[in-house]
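See structure below.
FYI, it's all coordinate maths here, none of it is from the lab. On a predicted model such as this, the values are computed, not experimentally measured, just so you know. Methodologically, a virtual Cβ is constructed for each residue, glycine included, from the backbone with ideal geometry; neighbour enumeration extends over all protein chains shown.
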Amino acid sequence: MTLQDSKRQPDPASPESGLRKLVFGLLYWVLLLSVLQLVTLSLFFSLVYPWSFLSNAMVQESSVPVAHLIFKSSEHGRAETVSWQATGRAFLLQSNLLQSDQLELPWDGTYYLYTQITVHETCASSSPATVTLLVKHEGKDNDSAALLRKDISSSCRVENPSSHYMGGQFHLSKGDRVFVECYPSLKVVPEPQETFLGAFLLQKTKTIPLSHKTK
């Protein structure tokens, strides 16, 4: 090696070499601190929010229309327990959800239930008639609770039917059955845009199992 070549060799102790070492050192410590921060946060959440908490967590799922039913005409045109069908633009999410004019709910969750009953006015009675949306809870055949109720006062306008809409949000269980009653029986207008019943699932809930026990 000549004297000229030796002069071209970089000096290990030069300021440029020291700056490079400083930059690499800082990057190393930044990376190390980031990893430590992630580990610390993971430990913190595992202690504060243990997995056992998630065993009963409620999981929200997307909303979905369950049914929109229209009136099913009877021979005499009057109804006490209103009959329904899913024809034309009416629908059922599952074909087996309508049984004995009762709409069975397929999941636990929060539902928006609605109904409109359009009736021909009658002067036969001075006392008001009542339209009631009821729910029969799963496993309790004789337990029917009124969710919505509306009185229909008689105005003797035979040529001008009156429409009566009711709707509300309820938390119900899988297997609960919804139906509509009129008392006394009323002459219902059968057109699909006049008399209908529907259910819209707003939020389905379920429990996340923590683990499956094996024998």
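Things worth noting here:
- Exposure proxy order (Cβ contacts within 10 Å, fewest to most) of 183, 112: 183, 112
- Each label point was placed 7 Å from the Cα along the Cα-to-Cβ direction; for residue 202 and residue 174 their separation is 2.2 nm.
- Relative packing of peptides 166-179, 98-111 - highest average C-beta neighbours within 10 Å first: 98-111, 166-179
- Highest average packing first - 193-205, 22-34, Cβ atoms within 10 Å: 193-205, 22-34
- Taking 21 Å as the limit for the C-alpha separation, the pairs 150/174; 72/204; 72/174; 174/204; 136/187 exceed it in the case of 150/174; 72/204; 72/174; 136/187.
- Note that segment 64-204, at 25 °C in a medium of 0.890 mPa s, gets a Stokes-Einstein diffusion coefficient of 160 µm²/s from its Kirkwood radius over C-alpha pairs.
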